[in-house]
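The values are calculated or read from the model by the stated rules, or taken from the named source; none is laboratory data. Predicted model only: the values in this text are computed from it and were never measured. Cβ sites come from the backbone with ideal geometry, for glycine too, and all protein chains shown count toward neighbours. Side chains are part of the model used for accessible areas, which takes the heavy atoms of the whole protein and leaves out ligands, DNA and RNA. Shrake-Rupley method; radii C 1.70, N 1.55, O 1.52, S 1.80 Å.
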There are 2 protein chains.
Amino acid sequence: MTTADSPARASYHHGDLRHALLAAGMELARDGGPDAVVLREATRRVGVSPNAAYRHFADRDALLSAVSDAALAMLAGRIDALFDAIPSGSPEAVARAQLRAVGTGYVAFALDEPGLFRTAFFVPTNLETSSAASKSGPSGRSPLELLTVALDEFVASGIMPAARRPQAEFLAWSSVHGFALLLIDGPLRALPRAQADAVTQRVIDMVEAGFTAP
Amino acid sequence: MTTADSPARASYHHGDLRHALLAAGMELARDGGPDAVVLREATRRVGVSPNAAYRHFADRDALLSAVSDAALAMLAGRIDALFDAIPSGSPEAVARAQLRAVGTGYVAFALDEPGLFRTAFFVPTNLETSSAASKSGPSGRSPLELLTVALDEFVASGIMPAARRPQAEFLAWSSVHGFALLLIDGPLRALPRAQADAVTQRVIDMVEAGFTAP
DNA sequence: CTTCTTATGTTAACGCTGTCAACACTGTCA
DNA sequence: TGACAGTGTTGACAGCGTTAACATAAGAAG
């Protein structure tokens, strides 16, 4: 266990403090969201003095940003897994399944890890640049890139008019992102998981209909 | 000017401190969002000691909640205005215009007052109970209620299958809310206003298509 | 008109946070 | 061996939310 050497470390130098602080930050974010990512608490958990953090992060915001990126990468991984599990078939079917995978994975992550989800997105700068390398999943593709792949296929397979293609990513993203927020912080908070999953599919239905309607 | 008697008030008692603190809180939220609503700063602006606030608000969260409610009421007012300006016509046309009014007003408020918009919604408890009296517009109808009116008319006028009606509010809300966030904090931040307005209409098109598609 | 009570505002203090400055330890390269 | 850069520590400061005790004003009761 390289993380959390609570009792007391052997050497004066920690060895991998940056990584340890990031891990502690993830823990804090997991149950508590972005506001819970507190620099002093992270150093406390790692067993190091507060100011040691400043050797690895410019300030608290830098730590929070790193945690946010890591959370985004987890989200990407989740979507990636669903994306890659899609069986081959007709181009239309694959495209529809890909769109569904992105939306489903997105919402599922929000439900399973609300704290990390909030941390991933409630940091303003991170909605902005959500396709950087550090924020991608194992395949190296960011959620936005996966969404782009799916939508391009919508056009290529002829089920979406090309005129509707520009900025379609953001229409789809809006719906799923907003829905995730309603689920974890909003009026749908109390919705049982099974029902939440069902309504998620309806959200995706709506998006799909909006793209493919005549 | 009843607000902000900066120099020094005449009497020991302020007179309308609760209101003044709320106004100061709104100012802070307007440029800075929820995190900028700082209790001590609000009292400073009103010209009163920090602890005076505790005679009117249980804690900082109570002040923030009040500010959040006021912001939500402003949003409701904005939507209300568009809603009431809809000319009469066929039931379908009116229903479509109503849905469009809610979405358009929602996004317009987010663009015009991003700080207040964030404050209205990034306080978890306020997405939850967004149809309370204190959060409604001048007409007394909350945004959610206006949306419900529009969607009921979608079914009544026959352009939306009744089977699709349950929880349709949340599908529409998700899209518009998520889109507003992408616009003010996300990748669409730099989008010129005219273009933002145009894409907003496409978001609403998508929602409408999802509701009325065959 | 005085007195008691209640509402409201103030002062003092605590622990928490992020952060700067100065100091201490340690592994590395000359 | 010694300089040096990297890393962790101590001490301190201002700002925050919050509690407890005190001060002042306004109104009700006598």
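Below are the figures for this structure:
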| item | result |
| --- | --- |
| Accessible surface of the protein assembly as shown [probe 1.4 Å, protein heavy atoms]: carbon and sulfur percent | 57 percent |
| Inter-copy spacing of residue B:138 label points, which lie 7 Å from Cα along Cα→Cβ, given in nm from shortest upward | 5.8 |
| Cβ neighbours within 10 Å from other chains - mean over A:15-21 | 0 |
| Whole-Hz ³J(HN,Hα) from phi, Karplus 6.51 cos²θ - 1.76 cosθ + 1.60, for the range B:20-30, glycine and proline x | 5, 5, 5, 4, 4, x, 5, 4, 4, 5, 4 |
| Over 23 Å [Cα-Cα, chain A], rounded percent | 51 percent |
| Accessible area per residue, Å², the protein assembly as shown with all protein chains present, probe 1.4 Å | 43 Å² |
| Cβ neighbours within 10 Å from other chains - mean over B:156-169 | 1 |
| Size of electric dipole in the protein assembly as shown: Cβ of Lys, Arg +1 and of Asp, Glu -1, about Cα centre, debye, nearest 20 | 640 debye |
| Cβ-vector label at 7 Å, residue A:90, separations to other copies in nm | 3.3 |
| Stretch in chain A that is longest and holds no trypsin sites (Lys or Arg not before Pro) that DSSP places in a loop and that have at most 16 other beta carbons within 10 Å | A:10-188 |
| Most mobile listed residue (B:39, B:171, B:28) in chain B, GNM with C-alpha springs under 10 Å | B:171 |
| Calculated from backbone phi, Karplus (6.51, -1.76, 1.60) coupling profile of the range B:142-151 in Hz, x at Gly/Pro | 6, x, 5, 5, 4, 4, 4, 4, 4, 6 |
| FRET E, pair residue B:58, residue B:36, Förster distance 25 Å, beta-carbon r, rounded to 0.05 | 0.80 |
| Cβ-vector label at 7 Å, residue A:163, separations to other copies in nm | 3.1 |
| Isotropic mean projected area of the C-alpha convex hull, the protein assembly as shown (nm²) | 24.9 nm² |
| Rounded Å value of the spacing that divides the Cα centres of the range B:163-214 and the range A:9-72 | 37 Å |
| Chain B residue with Cβ closest to the axis mapping B onto A, distance in whole Å | B:178, 1 |
